[in-house]
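The values are calculated or read from the model by the stated rules, or taken from the named source; none is laboratory data. Note that the coordinates shown come from a computational prediction; the quantities given were computed from them, not determined experimentally. Quick reminder, even Gly has a Cβ in these numbers, built from the backbone with ideal geometry, and neighbours come from all protein chains shown. What goes into the accessible areas is simple: the full protein's heavy atoms, side chains included, and nothing from ligands, DNA or RNA. Shrake-Rupley method; radii C 1.70, N 1.55, O 1.52, S 1.80 Å.
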Amino acid sequence: MTRNFVLTLTGPDRVGIVENVTGLLLDRGGNVETSRMARLGGEFAVLMLVSMPEDRLAGLDEDFGALKSQGYKVGTAPAERTHAESHEGWTPYQIEVQGADHEGIIHEVARHLARHGISIEEMDSESAPASTSGVPIFAMTASVLVPPGEAAEGWEAGLEEIGWRLNLEIDVIASPARE
């Protein structure tokens with residue numbers, strides 16, 4: 001029987017870290033189903049959904065001992081339900097935010113979505129200097145799932161109000177269904 005789990009790893013960025021992690025998983029018959037990896041500052045972050053034969057899970061933490069001794073933090077958590085099982089009937093949307101960078105943008109948007117029971121499935125953000133002025137520009141893209149019965153007019157209008165108040169452009173786009 002196969003088990004799914006989420007693997008997280010953070011630590012110093014260096015050449016070969018992805019090869020090390022995936023090699024350890026492959027040696028145990030594991031397969032990376034989905035992953036996200038990024039260098040954030042000088043640190044490297046890995047987030048993976050891994051499937052592995054249940055009888056090969058014992059001792060996995062010890063396999064990561066060498067990486068832990070090099071300063072990497074490694075964690076695992078079981079992932080039992082699939083996306084479709086936990087969000088049946090929910091409607092997918094994409095939210096795009098852009099404007100002058102300042103503290104609290106992600107918090108404002110996330111708080112609004114949480115108040116409406118909306119699940120954030122993915123979120124990417126960055127701040128970079130504008131090409132002409134050098135002023136920091138914030139950009140964020142989020143994939144969200146809206147629960148059945150949540151009226152689009154209510155939560156979308158709230159995002160418009162946030163955009164107006166914080167001087168941001170916020171666009172909401174209906175997304176095709178995802179598995």
Kirkwood hydrodynamic radius (C-alpha pairs) into Stokes-Einstein, the range 4-91, 10 °C and 1.306 mPa s, D in µm²/s: 114
Stretch gain in nm, segment residue 132-residue 86, where the contour uses 0.36 nm per residue and the Cα spacing is subtracted: 12.0 nm
Å² per residue, accessible surface of the range 12-138 at 1.4 Å: 61
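Please sort by residue number the chymotrypsin sites (Phe, Trp or Tyr not before Pro) in the range 66-168 whose DSSP state is loop and whose Cβ has at most 12 other Cβ atoms within 10 Å. Don't skip to the answer; put the middle values down first.
Working: sites: 72, 90, 93, 138, 155, 164; in loops: 72, 90.
Qualifying residues, ordered by number: none.
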Sulfur and carbon atoms: percent of accessible area, the chain [1.4 Å]: 51
Relative contact order for the chain, counting Cα pairs under 8 Å that sit 6 or more residues apart, in percent: 23
Given (1) 62; (2) 66; (3) 73, the label whose value is percent of Cα pairs over 19 Å apart derived from this model: (2)
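For the chain, what is the calculated [θ] at 222 nm in deg cm²/dmol (nearest 500), taking -39500 (n - 2.57) for each run of four or more DSSP H residues and dividing by its residue count? Mind showing how you got there, number by number?
Working: 6 runs with 50 residues, N = 179.
Value at 222 nm, helices only: -7500 deg cm²/dmol.
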Semi-axis lengths, Å, the range 95-172, gyration tensor of Cα atoms, sqrt of 5 times eigenvalues: 24, 12, 9
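For the chain, list the DSSP H helices whose alpha carbon atoms reach 27 Å or more along the long axis and whose average Kyte-Doolittle value is -1.0 or above? Intermediate results must be reported in sequence, preceding the final value.
Details: long enough: none.
In the chain, no H run is both long and hydrophobic enough.
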Where Rh is the Kirkwood radius over Cα pairs, Rg/Rh for the range 1-55: 1.01
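Need the full-extension length gain, residue 31 to residue 70, defined as separation in residues times 0.36 nm minus the C-alpha distance. One decimal, nm. It would help to have the intermediate numbers written out before the result.
Details: separation 39, 0.36 × 39 = 14.04 nm, distance 2.42 nm.
Net length gain for the segment: 11.6 nm.
For the pair residue 10 and residue 150, what calculated FRET efficiency results from E = 1/(1 + (r/R0)^6), where r is the Cβ-Cβ distance and R0 = 45 Å, to the nearest 0.05? Spell out each step's value before the answer.
On the way: r = 34 Å, r/R0 = 0.75.
Rounded to the nearest 0.05, the efficiency is 0.85.
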